[in-house]
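Take a look at the structure below.
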Amino acid sequence: MEKLTNRSAPVNRDPMTFGEKIYLPAIAKGLSITIGHIFKKKATVSYPEEKRPFSPVFRGLHVLNRDEEGRERCTACGLCALACPAEAITMEAAERKPGEENLYREEKYAAKYEINMLRCIFCGYCEEACPKDAVYLSETIMPTNYTRDSFIYKKEDLLIPHPKMQQETK
Ligand code: SF4
Ligand code: SF4
């Protein structure tokens, strides 16, 4: 039969030698490789005590931003969701009511804003698409978890703390 590639190697079917039958040379060879690795520089680190330095362009968990007065910057325009190649962002827009000017910067705001981190590929397109500087990717690594639901980050999980309220609690 004609070979598809020349990568196949013939199987050696010669009878085993005495050395091969007692396995000791093979065990000694394996141990010598293991012992040799003990004195080499480790390729792993003892995480979380030890952490590798990240690249300066590392992109971690998303953050929803507020302005200097603590008002939410997001206007629920949907551009981030449109730019997202993984379709990880969903939102629901709402109209700002009179008296809520201290909460939301624009007349429209995101009543609901969710990012599915299991879909997200941390490409940063949402950050680039946002005209209001409302969403950006921080340097925080996404924590691991056991349930799928815990990877759906809601607006409350993403919003940065209110700057004024934070000062009051200090
Ligand atoms: S980082 Fe990329 S994949 Fe993740 S939500 Fe933003 S646009 Fe979508
Ligand atoms: S985060 Fe930015 S792009 Fe996304 S809906 Fe809000 S204002 Fe629009």
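We did not get these values from a lab; they are worked out from the coordinates using the rules stated. Only a predicted model underlies this, so the values are computations on that prediction, with no experimental measurement involved. Here Cβ is always computed from backbone atoms with ideal geometry, including for glycine, and neighbour counts include all displayed protein chains.
For the ranges 146-157, 62-73, 34-45, what's the packing order if you count other beta-carbon atoms within 10 Å of each residue, average per peptide, and put the highest first?
Details: 146-157: 12.2, 62-73: 17.6, 34-45: 7.7.
The densest-packed peptide leads the list: 62-73, 146-157, 34-45.
Which net charge results when you count Lys and Arg as +1 and Asp and Glu as -1 among the other residues whose beta-carbon is under 11 Å from that of Cys80?
On the way: positive: Lys132; negative: Glu127, Glu128.
Neighbour charge sum, excluding Cys80 itself: -1.
How are the Cα pair distances of the chain distributed, in percent, across 5 Å bins from 0?
Spelled out per bin, shortest first, that is 1, 7, 11, 13, 11, 10, 7, 5, 5, 6, 6, 5, 4, 4, 3, 2, 1, 0, 0.
With point charges of +1 on the Cβ of Lys and Arg and -1 on the Cβ of Asp and Glu, referenced to the Cα centre of the stretch 62-169, which listed residue (Leu79, Met91, Leu103) lies farthest in the positive direction of the dipole?
Value: Met91.
Which lysines have a Cα less than 27 Å from the Cα of Lys108, not counting those fewer than 8 places away in the same chain?
Of all the lysines, those that pass the test against Lys108 - Cα under 27 Å, at least 8 places apart if same chain - are Lys97, Lys132, Lys154, Lys155, Lys164.
Going by a 4.7 Å Cβ-Cβ cut-off, which cysteines of the chain have no partner at all?
Cys74, Cys77, Cys84, Cys120, Cys123, Cys130
Could you work out the relative contact order of the stretch 24-170? I mean the mean sequence separation of Cα pairs under 8 Å and 6+ apart, divided by the number of residues, in percent. Walk me through the intermediate numbers first.
On the way: 205 pairs, mean separation 42.3, N = 147.
Reported relative contact order: 29 percent.
Compute, for the stretch 62-169, the length of the dipole vector about the Cα centre, with Cβ point charges of +1 (Lys, Arg) and -1 (Asp, Glu) only. Units Debye, rounded to 20. Walk me through the intermediate numbers first.
Values: 14 positive and 20 negative charges, 44 e Å.
Dipole magnitude for the stretch 62-169 comes out near 200 debye.
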